[in-house]
Amino acid sequence: MSSVDTTIQLIRTGAIPGTVCSPDLADGPWVFDRQPEPSYGPGSSMGDIIPVGSPRQGQLPAEYRTASNNELAARIHAAKQTLGDRVVVLGHFYQRDEVVQFADFIGDSFQLANAARSTPAAEAIVFCGVHFMAETADILAGPHQSVIPPNLAAGCSMADMADIDSVEECWEQLAELYGTQPDADGRAPIIPVTYMNSSAALKGFCGDHGGIVCTSSNASTVLEWAFERGQRVLFFPDQHLGRNTAKAMGVPLTRMPMWNPRKPLGGNSRAELADARVILWHGFCSVHKRFSVGQIEKARAEFPGVTVLVHPECPMEVVDAADAAGSTDFIGKAIAAASEPTTFAIGTEINMVNRLATQHPQHTIFSLDPVVCPCSTMYRIHPGYLAWVLEALVRGEVLNQITVPERVAAPARIALERMLAAKPGAPVVPADVIGD
Ligand code: SF4
């Protein structure tokens, strides 16, 4: 099966039929680095507005923009050989194959942060993921290690939907409403819980306010932890992960008001907030928001007996209509565990779906979404950027280093450590187990 990038190029030239969510995806990401207004890149939803002050990527030198994929692959390989154990390359499941093929570890954001921590010999951690992941790796990595995202413009629109100023403002309003004193059982009025997909500042906020971080694989364990210590939870930034997890734990939808940061009291009445068990931030992932119940119905009609697996960042109706919902790790393991040839329709990012289809040719695996639409921010990392940062390391230059100030990193580490204590993370997955 061709890579997502190759498919996009073939659709552009008309060599194969198909639809891409933006024809501009076929251009190199450097075209978007040059635009006067920063953007998440082609394919992101119109509702995703990039925050002022987001990191900007400088112009990638021409030699990396014009080199062929074969030339870049040879240069990346040579640079990695020269650097040896001094560098570790991490690749997220949603990253394009042309980059992931050079990753020493492939995984989700938490597995990759653990991989960063488990490779102390590496002076440089080249993180082929998005900005918040590189921040988390820097928080957990040793002081002698530099964390380097190949393209600084690879952010995450969902993570950006909750900024520290809006969360602090929300917290003040909630403190005024609920007070700050614990109840007779010693439970705090409210506990903040942030999804891993959030800035270091928000993880630090949770560390400072008795809160915790969660991932899509341990969200229910973390919510249990929070309910033991608090009367209610403020969950950000992803409303869908919060709603899907709390609903599965038996929290009624009527006790899950949504907080819109642009409205007083988040757009809720005092009575609604008084009765709340989980307050959901108004955030979402534009990739997972594309999946619909209609797509699931179509898959079931065309492939009777199909198994539908979706990520919990999908809307609640989609999760309810699927056979199962879980993290990227869960989806990969569910497919690997199927002993008989099975048809799977998957609701998560297309690079991962494509890779699973290649790794498991005995199964029929396809994306629920017929439109080819990768995560636009992950897509900002192209082999040209990877070659650029690696060859700089060979010359002794560290480009694009992410540094989280210690005043933020220290409380963020506390919130991450609370999560680790609540439930140890999934094991790091070496690249040779995952495949290409
Ligand atoms: S898939 Fe969604 S949540 Fe994940 S990095 Fe892309 S925009 Fe962010």
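Coordinate-derived values only; no laboratory data. Since this is a predicted model, take the numbers as computed values, not measurements. Virtual Cβ from ideal backbone geometry, glycine too; neighbours counted across all protein chains shown.
Filter the trypsin sites (Lys or Arg not before Pro) in segment 392-424 to those in DSSP coil with at most 10 other Cβ atoms within 10 Å of their Cβ, and list the result.
ARG395
Take the Cα pairs of segment 161-281, get the Kirkwood Rh, then feed it into Stokes-Einstein at 25 °C and 0.890 mPa s and tell me D in µm²/s.
The diffusion coefficient I find is 175 µm²/s.
Over the alpha carbons of segment 288-367, what is the largest minus smallest coordinate on each principal axis, giving the biggest first in Å?
Cα extents, longest axis first: 29, 25, 18 Å.
If you rank SER54, SER216, SER198 by fewest surrounding Cβ atoms within 10 Å, what's the result?
Ranked by crowding around the Cβ, least crowded first: SER54, SER216, SER198.
Quick one: angle between helix 219-229 and the longest Cα principal axis of the chain, in degrees between 0 and 90, rounded to 10, please.
30
What nm distance separates the two modelled labels at LYS247 and ALA271, each placed 7 Å from Cα along Cα→Cβ?
2.5
Most exposed first by the Cβ proxy, i.e. fewest other Cβ within 10 Å, how do TRP171, TRP30 rank?
Exposure proxy ranking, most exposed first: TRP171, TRP30.
State the antiparallel share, in %, of DSSP beta bridges confined to segment 288-367, rounding to the nearest 5.
Around 0 percent antiparallel, to the nearest 5.
With the crude spin-label approximation of a point 7 Å out along Cα→Cβ, what separation in nm comes out for GLN81 versus GLU168?
5.1
If R0 is 25 Å, what FRET efficiency do you get for ARG262 and GLN35 from their C-beta distance, rounded to 0.05?
With R0 = 25 Å, the Cβ-Cβ based efficiency is 0.45.
Calculate the FRET efficiency for VAL371 and ALA62 from the Cβ-Cβ distance with a Förster distance of 35 Å, rounded to the nearest 0.05.
0.60
Dividing the convex hull volume of the Cα atoms of segment 1-159 by its residue count, what figure in Å³ per residue is obtained?
Hull volume normalised by residue count: 135 Å³.
Based only on other Cβ atoms within 10 Å, what is the fewest-to-most ordering of HIS92, HIS131, HIS363, HIS77?
By the 10 Å Cβ count, ascending: HIS77, HIS363, HIS131, HIS92.
Between ALA421 and ALA121, 0.36 nm times their residue separation minus their Cα-Cα distance comes to what?
105.5 nm
Contact order normalised by length for segment 17-153, with contacts defined as Cα pairs under 8 Å and 6 or more residues apart; what percent is it?
Averaging sequence separation for qualifying contacts and normalising by length gives 20 percent for segment 17-153.
Compactness ratio of the chain: Cα Rg over 2.2 N^0.38 Å, N = residue count?
Normalised Cα radius of gyration, the chain: 0.96.
So how much slack lies between VAL398 and VAL52, counting 0.36 nm per residue of separation and subtracting their Cα-Cα distance, in nm?
122.0 nm
In degrees between 0 and 90, to the nearest 10, how far off the longest principal axis of the chain does helix 69-83 point, with axes built from Cα atoms?
It is inclined by approximately 70 degrees.
With the contact rule set at Cα under 8 Å and sequence spacing of 6 or more, what percent relative contact order holds for segment 161-281?
It comes to 26 percent, rounded to a whole number.
Two decimals, Cα atoms only, Kirkwood Rh: what is Rg/Rh over segment 1-61?
1.03
Nearest 20 debye, what's the magnitude of the dipole of segment 161-281 about its Cα centre given +1 on Lys and Arg Cβ and -1 on Asp and Glu Cβ?
Magnitude of the dipole: close to 400 debye.
Given the C-alpha centroids of segment 33-102 and segment 316-364, what is the distance between them in whole angstrom?
If we compute the Cα centre of each part, the gap is 27 Å.
Taking Cα atoms, how many degrees apart are the long axis of helix 383-394 and the longest axis of the chain, rounded to 10 and kept between 0 and 90?
Computed tilt is about 90 degrees.
Once the Cα gyration tensor of segment 101-235 is found, what semi-axes does its equivalent ellipsoid get, as square roots of 5 times the eigenvalues, in whole Å, sorted largest first?
So the equivalent ellipsoid measures 32, 16, 12 Å along its semi-axes.
Starting from the Cα-Cα distance between ARG255 and ALA337, subtract it from 0.36 nm times their residue separation and give me the gain in nm to one decimal.
25.9 nm
Which whole-number percentage describes the relative contact order of segment 311-377, with Cα contacts under 8 Å and a sequence gap of 6 or more?
This gives 27 percent for segment 311-377.
Please report the antiparallel percentage of the DSSP beta bridges confined to the chain, to the nearest 5.
5
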